[in-house]
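What follows is a single structure, written as structure tokens, with notes after it.
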Amino acid sequence: MSGLEEIGLEPRASAPAALLEVEDLKTHYPVRRGVTERLMRRPRRLVHAVDGISFSLARGEMVALVGESGCGKTTTAQTILRMVDPTSGAIRLNGTDTTRLSQRRLRPLRRRLQMIYQDPYESLDPRFRVRQTIEEPMLVHGIGGSRKERHDRTLEALERVELSPAELYVDRYPHELSGGQRQRVAIATSLVLDPDLLLADEPVSMLDVSVRAGVLSLLDGLRRDGNMGILMITHDLSTAAHFADRIAVMYLGRIVEHGPAKEVVRDPRHPYTRALLSVVPKRDPRDRSSPQILKGETPNPIDVPSGCRFHPRCPIAEERCTREDPRLRRPPATGDGHEVACLLA
Amino acid sequence: MSLLEVRELHVWFDLQEGRELHAVQGVSFGLDAGERFGLVGESGCGKTTTILGLMGLLPPTASVAGEVLVGGESILAGGESSVRSHRWNDIAMIFQGAMNALNPVKKVLWQIVEPMELHGIADGTQARRMAGDLLEMVGIPASAGERYPHEFSGGMRQRAAIAMALACQPKILLADEPTTALDVMVQAQILELLVGLSNDLGLALVLVTHDLPVVAQVCERAAVMYAGEIVEEGPTEALYHAPRHPYTRLLFAATPDLYGDEAVVSIPGAPPRLDRAIEGCAFRPRCDSSLDRCESEHPEFRAMGAGHRAACHLNDLPGEERAAREGARRAGSAAPAATPGGGAP
Ligand SMILES: Nc1ncnc2c1ncn2[C@@H]1O[C@H](COP(=O)(O)OP(=O)(O)OP(=O)(O)O)[C@@H](O)[C@H]1O
Ligand SMILES: [Mg+2]
């Protein structure tokens with residue numbers, strides 16, 4: 001049973017809908033004005049945090065949203081979760097547009113969407129034992145039935161995240177767990193709600209290298225066997241290349257390139273993607289190809305450059321790039337589903 | 001004679017109830033002018049403690065043993081009074097998280113002028129001019145020195161922290177995780193700067209990080225630390241292509257590579273506690289190819305060829321036997337990322 005039926009909404013009648021469809025989504029925040037700006041009646045300015053992005057995600061699929069900090073990755077996730085309201089566009093979950101639902105009607109849907117945060121040290125309450133942490137969401141959402149059933153679900157969730165035997169972990173406090181184990185508990189906490197979609201925001205960046213692979217393989221297994229969709233937000237292209245089916249590269253609130261992970265990494269077409277890939281340090285010291293280091297940092301999304309928003313930092317920009325805002329399209333000789341927003345690609 | 005020579009450095013921290021934690025357990029390495037040396041290992045393995053020890057900057061709860069020679073002169077032997085004349089003047093460091101620890105109420109230029117005046121390098125107008133030059137050298141316009149740290153981006157603050165460390169023209173720079181909190185593009189900019197400084201000024205650089213690929217790209221040589229000890233040291237090429245300690249091999253195998261297709265595998269278990277004596281090899285409980293003697297006998301360093309050494313009993317086996325042992329285990333360990341029962345990392 002999907003969350004949609006629970007709230008009496010029919011999924012759209014069309015062909016099997018993707019689990020998540022994001023269409024031309026925009027999330028703009030007003031910039032807080034200082035006193036002088038207010039007195040001088042300067043117009044309110046906007047942060048174009050997410051500025052018209054579209055993508056979809058199917059069950060069993062992992063999509064990585066990559067880009068530098070400030071490019072809009074986290075706002076995208078927060079908007080999908082409706083922690084912030086979108087300015088325009090649609091977010092369809094199992095075919096139902098959630099952007100127009102009231103918070104009350106959203107509630108049952110929320111369960112289907114779970115977030116895994118970056119910092120397992122912050123996302124777990126230090127006063128709660130693992131058992132309480134995992135039972136909490138069941139109590140909040142009024143599921144899990146009897147005490148016994150909740151207990152069983154808790155143990156099952158721990159086993160699913162490979163904290164096994166579960167009895168060894170249920171009574172521990174967060175400080176009695178390693179970083180990797182804490183992140184596993186955080187994942188178990190979202191699994192008890194049986195979500196359709198996991199949003200994982202930098203799920204391993206706080207963890208030690210030696211344990212990252214374990215947590216990522218766990219997420220990988222969950223989406224393959226559990227039929228879940230995972231949207232992973234990361235700045236680590238190597239991780240994205242390894243674990244995601246598709247990669248979407250964001251720059252200043254827009255997706256500038258997306259496509260099958262291996263293809264985006266091996267045959268990048270957007271100059272930004274190319275630069276980004278060129279600066280990823282390789283494991284092999286003999287493999288020191290010269291990185292293409294862009295000057296400066298991502299400009300701020302209040303003053304979005306005209307035309308192609310990447311043109312001020314682009315190594316190949318031409319005059320028309322300062323005027324024309326490129327749309328995503330499939331460049332010549334690329335595979336299915338590979339799209340690039342560049343006039344010169 | 002090396003520029004910096006560290007011999008058998010030990011650090012103990014006093015804990016409550018008379019217990020102590022042996023954070024650094026006999027670390028030795030050396031480096032020459034202009035050389036770039038990496039110090040890598042998991043969180044808690046003693047990287048920061050090692051370099052704070054070199055600087056004589058450990059808290060009063062720490063006891064230190066061993067020798068640190070700068071240009072042949074032992075700097076720790078005479079306690080604070082002997083180390084003070086070398087600290088910042090000969091050997092300087094960029095603290096872990098330095099970019100977020102700049103003084104928020106002082107203009108950036110002043111934060112460079114101050115150490116110069118304090119150490120009698122220059123004062124007044126001359127110090128200000130030199131500080132301006134330093135800022136330019138690290139890629140910040142001198143005029144921006146009149147701004148406060150919060151007006152800088154993360155990358156700019158890290159550049160300022162580097163300029164500050166260079167205020168007294170040291171010969172050796174210890175950089176503790178200088179790019180960990182930064183985006184890949186900014187990381188590439190900072191690494192390019194550090195490499196440039198070591199080339200242009202003949203600065204010897206110790207790059208401390210948990211990020212193997214960063215070390216692989218920047219350093220000629222590196223040491224891998226585990227549980228307070230260096231377990232392998234050598235040219236970065238040798239560490240990657242012909243590691244002689246299973247920990248080095250497994251760390252690389254746990255690190256995803258942009259173009260690598262092989263599965264990334266985490267290392268089961270966690271590092272040992274350092275507040276108890278460790279018997280035998282500290283890595284044995286997590287090792288995939290340990291021998292019986294690893295349980296009781298602490299492995300000593302063995303030279304593996306030019307500038308390459310490792311502390312592992314496997315190196316006492318004939319080459320073929322060692323390869324077979326490691327190879328067999330490697331194939332077997334590739335399946336589950338976590339060991340049931342042993343607890344997921
Ligand atoms: N002031 C202190 N008192 C007691 N123990 C300490 C102190 N500082 C560090 N330690 C311990 O010493 C060991 C080494 O810590 P250190 O900070 O040097 O590790 P590190 O390799 O730099 O780790 P990270 O990658 O997390 O920065 C750890 O077990 C740590 O808990
Ligand atoms: Mg440290």
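Since every read-out is calculated from the coordinates, none of them should be taken as a lab result. These numbers were taken from a predicted model, which means no experiment stands behind them. Heads up, the Cβs are rebuilt from the backbone with ideal geometry, glycines too, and the neighbour counts pull from every protein chain shown.
Spin-label model, A:T322/B:D316: points 7 Å from Cα along the beta carbon direction are separated by 7.2 nm.
Mind running the shape call on the protein assembly as shown? Use the C-alpha gyration tensor, a ≥ b ≥ c as the square roots of the eigenvalues: rounded below 1.5 for a/c, prolate if a/b tops b/c, oblate otherwise. Oblate, since a/c reaches 1.5 and b/c is not below a/b. Sites listed here are chymotrypsin sites (Phe, Trp or Tyr not before Pro) in the range B:81-155 whose DSSP assignment is loop and whose Cβ has at most 14 other Cβ atoms within 10 Å, and the list is empty. Taking the inverse of the mean 1/r over every pair of distinct Cα atoms in the range B:102-168 gives a Kirkwood hydrodynamic radius of 11.3 Å. When only alpha carbons are used to place a centre, the range B:101-131 and the range B:1-80 end up 28 Å from one another. Computed from point charges on the beta carbon alone (+1 for Lys and Arg, -1 for Asp and Glu), the dipole magnitude for chain A about its Cα centre is near 1060 Debye. Segment A:S102..A:V84, full-extension length gain: 5.2 nm, with 0.36 nm per residue of separation and the alpha-carbon distance subtracted.
Indicate the gyration tensor shape class of chain B (rounded, prolate or oblate), computed on the Cα atoms with a ≥ b ≥ c the square roots of the eigenvalues: a/c under 1.5 is rounded; otherwise a/b larger than b/c is prolate and the rest oblate. Prolate, because a/c is 1.5 or more and a/b exceeds b/c.
Loop-located trypsin sites (Lys or Arg not before Pro) in the range A:88-168 (DSSP state other than H, G, I, E, B) with a sparse environment of at most 11 neighbouring Cβ atoms within 10 Å: A:R100, A:R127.
Against chain B, whose longest principal axis is taken from its Cα atoms, helix B:154-165 shows a tilt of about 80°. Compute the label zone of B:W110 within the range B:144-165: residues whose backbone N is under 13 Å from the point 7 Å along Cα-to-Cβ. Residues passing the 13 Å test: B:146-149. Roughly what % of DSSP beta bridges within the protein assembly as shown run antiparallel, to the nearest 5? Roughly 60 percent of the beta bridges in the protein assembly as shown run antiparallel, per DSSP. Against chain B, whose longest principal axis comes from its Cα atoms, helix B:184-201 is set at around 70 degrees. Modelled label positions at A:E23 and A:D225, each set 7 Å beyond Cα in the direction of Cβ, lie 3.6 nm from each other. Within chain B, DSSP assigns beta bridges of which about 60% are antiparallel (rounded to the nearest 5).
Taking 0.36 nm per residue of separation and subtracting the Cα-Cα distance, what length does fully extending A:E176 through A:E149 add? Full-extension gain reported as 7.2 nm.
For chain A, find the longest principal axis of its Cα atoms and tell me its angle to the long axis of helix A:130-140, 0 to 90°, nearest 10. Around 80 degrees separate the two axes.
Rounded to the nearest 5, what % of the DSSP beta bridges within the range B:168-271 are antiparallel ones? Before the final figure, lay out each step's value.
Working: 6 of 11 bridges.
Roughly 55 percent of the beta bridges in the range B:168-271 run antiparallel, per DSSP.
How large is Rg over Rh for the range B:193-244, taking Rg from the Cα atoms and Rh as the Kirkwood inverse mean of 1/r across Cα pairs?
Ratio value, two decimals: 1.00.
Legend: calculated FRET efficiency, A:V140 to B:Q16, from the Cβ-Cβ distance at R0 = 45 Å, rounded to 0.05, equals 0.70.
Please tell me the relative contact order of the range B:243-330 in percent, rounded to the nearest whole number, where contacts are Cα pairs under 8 Å and at least six residues apart.
Across the range B:243-330, relative contact order equals 26 percent.
For the pair A:I293 and B:N103, a Förster radius of 22 Å applied to the C-beta separation gives a FRET efficiency near 0.15, rounded to the nearest 0.05. Each Lys and Arg adds +1 at its Cβ and each Asp and Glu adds -1 at its Cβ; summed about the Cα centre, the protein assembly as shown shows a dipole of about 2400 debye. Over what distance in Å are the Cα centres of the range A:92-128 and the range B:214-265 separated? So the separation of the two Cα centres works out to 39 Å. I need the shape label for the range B:243-330. Rule: rounded when a/c is under 1.5, else prolate if a/b > b/c, else oblate, with a, b, c from the alpha carbon gyration tensor. It comes out oblate by the Cα gyration axes. Electrostatic bookkeeping for B:I75 treats Lys and Arg as +1 and Asp and Glu as -1; over the other residues with beta carbon under 14 Å from its beta carbon, the sum is -1.
Of the trypsin sites (Lys or Arg not before Pro) found in the range A:223-304, the ones in coil according to DSSP and having at most 12 other Cβ atoms within 10 Å of their Cβ are A:R286, A:R288, A:K295. Electrostatic tally near A:Y121: other residues with Cβ closer than 15 Å to its Cβ, Lys and Arg +1, Asp and Glu -1, net -3.
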